[in-house]
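The structure appears right after this line, and notes come after that.
The values are calculated or read from the model by the stated rules, or taken from the named source; none is laboratory data. Treat the numbers as computed from the prediction; the structure is a model and nothing was measured. Cβ atoms come from the backbone with ideal geometry, glycine included; neighbour counts cover every protein chain shown.
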Amino acid sequence: MRCFLLSHRALPHLRLPRFAVAAAVVSVFAMTGCAGTSTGSAPAGASGPGSVPSSAAAASAVPTVAGLVVYASTFDAATTVSKVQEKLAAGGMVTATVDHAAAAASIGQKLRPTTVVIGGNPRAGTPLIAAAQTSAIDLPQKHLVWQAADGTVYLGYNAAEYIAARAGLDPTNPVLGGLRTGSAAVAAAATGTDHPVADGSATAAGPGTYLVAKTSDTIGSRAVLLGGTRSW
């Protein structure tokens, strides 16, 4: 009844055709949020206190960073980190865990949960390093878990193709197979989903970004860092 009165008062006292009046009422209902009030249901994609937004709801806001494969976790940040560590320990090794939020707290600053777990299986990384030793700068794999401003928890890692391009390797080189499948397996186990919301293929350019772009069908790529270009 409140919504009806509001919509009635919002209309000017004009002589309008019936279809125009109906359309105006519908518009007022939409603007005042009256539509659907009788059901008492929450808006689509809404989450209750302490819940984790669904992957579908989070996908619209997912960060797209060049070379970063991103999954939206179905767990909170602490659980996601623990699951990364468990999966790595079971199939390889955890070499380090860096809790940036804890580090910030030690200097009186505050960060949302942001943790990097470094680790992997030498069976996956060794062939890649043997093919290009400079790839060791990106290995073992780094798994970044962070909580975004909207509460969504993400897990991201460097795509095998991105690491290969930085090291001057053909992204189709079979030595990347172990790293590619291993990283995806860890992410799936830690987030509860097999489907990334960003596959790492996004490109970006400008100050503060690092763009890897393929320049040929064979070995060859260039990196753009802070406006400078280096080709290999």
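Below are the figures for this structure:
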item: Selection within segment 100-134 - among the polar types (S, T, N, Q) and assigned to a loop (DSSP other than H, G, I, E, B); result: Ser106, Gln109, Asn121
item: Residues within segment 138-165 that are more than 14 Å from Ala77 (Cα to Cα) and either surrounded by fewer than 20 Cβ atoms within 10 Å (Cβ to Cβ) or not assigned by TED's automatic domain parsing to the domain that holds Pro127 (or both), tallied; result: 1
item: Output for segment 78-117, where each listed residue is surrounded by 17 or more Cβ atoms within 10 Å (Cβ to Cβ) and either touching a residue at least 60 places away in the same chain (Cβ under 8 Å) or under 18 Å from Ala159 (Cβ atoms) (or both); result: Thr80, Val81, Lys83, Val84, Lys87, Leu88, Gly92, Val116, Val117
item: Complete set of residues in segment 118-128 that are of a type in the set (S, T, N, Q) and surrounded by 17 or more Cβ atoms within 10 Å (Cβ to Cβ); result: Asn121
item: Output for segment 169-184, where each listed residue is farther than 12 Å from Ala132 by Cβ and polar (S, T, N, Q); result: Thr172, Thr181, Ser183
item: Unmet criterion (only one of (1) surrounded by fewer than 17 Cβ atoms within 10 Å (Cβ to Cβ); (2) over 20 Å from Ala184 (Cβ atoms); (3) aliphatic (A, V, I, L, M)) for Ala131; result: (1)
